[in-house]
Amino acid sequence: MKFFIDTANMEEIREAYTLGILSGVTTNPSLVAKEKNVKFEDRLKEITELVPGSVSAEVIALDAEGMIKEGKELAEIAPNITVKVPMTPEGLKAVSVFSKEGIKTNVTLVFSANQALLAARAGATYVSPFLGRLDDIGHNGLDLISTIAEIFTIHGIDTEIIAASIRHPQHVTDAALRGAHIATVPYKVIQQMFNHPLTDKGIEAFLKDWESRGK
Ligand code: E4P
């Protein structure tokens with residue numbers, strides 16, 4: 001499973017990138033809105049210049065025509081832009097056009113296996129099932145990942161599954177086990193993934209022993 005970071009914040013992206021773990025970035029309108037006094041297009045340019053992998057940028061229009069127009073403008077910014085489109089009939093009309101034109105797409109707000117299958121058949125490069133938001137309403141987000149992964153394998157579908165709406169490190173482990181190709185992870189969760197008390201304790205003990213060595 002590969003890692004994307006789920007943020008529009010440049011410091012977080014830079015930090016994660018220097019760790020050498022990053023294969024891409026996802027943004028959404030809420031994440032972009034947190035970045036004050038930054039033009040969306042400028043931020044996308046900055047991100048795409050740093051990270052060579054897929055950078056998802058979401059359209060705002062709700063009709064296919066509007067999404068196609070916005071998506072094409074976003075795709076002009078850099079070759080590694082992936083146009084993020086909501087899982088609606090209008091969204092899939094747009095995905096189908098983008099797919100024929102070789103523009104990569106990420107179908108977002110996926111909450112069922114049928115939605116993922118429809119998106120894949122429309123030509124989506126990625127589908128993003130939202131784990132945390134399903135868990136929030138008492139459903140099992142991880143079971144959805146397994147079901148989509150199984151369906152895609154049975155039918156030889158090459159659309160990649162991005163486990164999204166990740167809330168904690170255990171989501172990451174479980175998404176990997178359930179067959180997600182990618183997890184898009186908030187910076188805070190990436191940091192949490194490093195933590196283990198025995199690592200800290202081990203470093204402390206090694207340093208202490210080193211200091212007390214006979215010379
Ligand atoms: C994915 O692409 C979305 O931006 C994101 O994972 C949504 O997560 P949230 O449910 O924490 O807002």
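FYI, it's all coordinate maths here, none of it is from the lab. These numbers were taken from a predicted model, which means no experiment stands behind them. In this analysis, Cβ positions are derived from the backbone assuming ideal geometry, glycine residues included, and neighbour counts consider all displayed protein chains.
Relative protection proxy for 55-63, 151-159, from highest mean packing down: 55-63, 151-159 (other beta-carbon atoms within 10 angstrom).
Helix screen, the chain: DSSP H segments with Cα axial length of 15 Å or more and mean Kyte-Doolittle hydropathy at least 1.0 are 141-154. Extension gain, LYS215 to ASP158, is 14.5 nm, computed as 0.36 nm per intervening residue step minus the present C-alpha separation.
Projecting the Cα atoms of THR153, TRP210, GLY123 onto the dipole axis of the chain, where Lys and Arg carry +1 and Asp and Glu carry -1 at the beta carbon, places TRP210 farthest toward the positive end. Note on the chain: with a GNM built from Cα contacts shorter than 10 Å, the maximum mean-square fluctuation among PHE130, PHE40, PHE111 falls on PHE40.
Measuring from centroid to centroid over Cα atoms, what is the spacing of the stretch 102-121 and the stretch 122-140 in Å? Centre-to-centre (Cα) distance: 10 Å. Report the Cα centroid-to-centroid distance between the stretch 184-205 and the stretch 11-85 in angstrom, as an integer. The distance from the Cα centre of the stretch 184-205 to that of the stretch 11-85 comes to 28 Å.
Modelled label positions at ILE137 and LYS45, each set 7 Å beyond Cα in the direction of Cβ, lie 3.9 nm from each other. Dipole check for the stretch 156-215: with +1 at the C-beta of Lys and Arg, -1 at the C-beta of Asp and Glu, and the Cα centre as origin, the magnitude is about 260 Debye. Using r as the Cβ-Cβ distance of ASP200 and GLN170, and R0 as 30 Å, what FRET efficiency do you calculate, to the nearest 0.05? That gives a FRET efficiency of 0.90.
For the stretch 2-211, what's the relative contact order in percent, using C-alpha pairs closer than 8 Å and at least 6 residues apart? Rounded, it is 16 percent for the stretch 2-211. First check a/c for the stretch 2-211, with a ≥ b ≥ c the square roots of the eigenvalues of its C-alpha gyration tensor; if it is under 1.5, answer rounded, and if not, answer prolate when a/b is larger than b/c or oblate otherwise. Note, shape of the stretch 2-211 comes out oblate. In terms of its alpha-carbon gyration tensor, the stretch 69-188 comes out prolate; a/c meets the 1.5 threshold, and the first ratio a/b outweighs b/c.
Under a Cβ-only charge scheme (Lys and Arg +1, Asp and Glu -1), can you give me the dipole magnitude of the chain about the Cα centre, in debye to the nearest 20?
Magnitude of the dipole: close to 260 debye.
Put simply, the amide H of GLU160, placed in the peptide plane, has neighbours under 5 Å in TYR126, VAL127, leaving out anything fewer than 5 places away on its chain. Among the listed pairs LYS36/LYS69; LYS39/LYS72; LYS72/LYS188, those whose Cα-Cα separation exceeds 29 Å are LYS72/LYS188.
Straight Cα distances below 17 angstrom link LYS45 to the aspartates and glutamates ASP6, GLU11, GLU12, GLU35, GLU58, GLU70, GLU73, GLU76, with same-chain residues fewer than 8 positions distant left out. Toward the positive end of the charge dipole of the stretch 1-91, with +1 on the Cβ of Lys and Arg and -1 on the Cβ of Asp and Glu, the farthest Cα among ALA78, VAL38, PHE3 is that of PHE3.
Helical content of the chain, expressed as a calculated mean residue ellipticity at 222 nm, amounts to -15500 deg cm²/dmol (DSSP H runs of 4 or more residues, -39,500 (n - 2.57) each, divided by residue number, nearest 500).
A simple count of charges around ALA113, restricted to other residues whose Cβ falls under 11 Å of its Cβ and scoring Lys, Arg +1 and Asp, Glu -1, yields -2.
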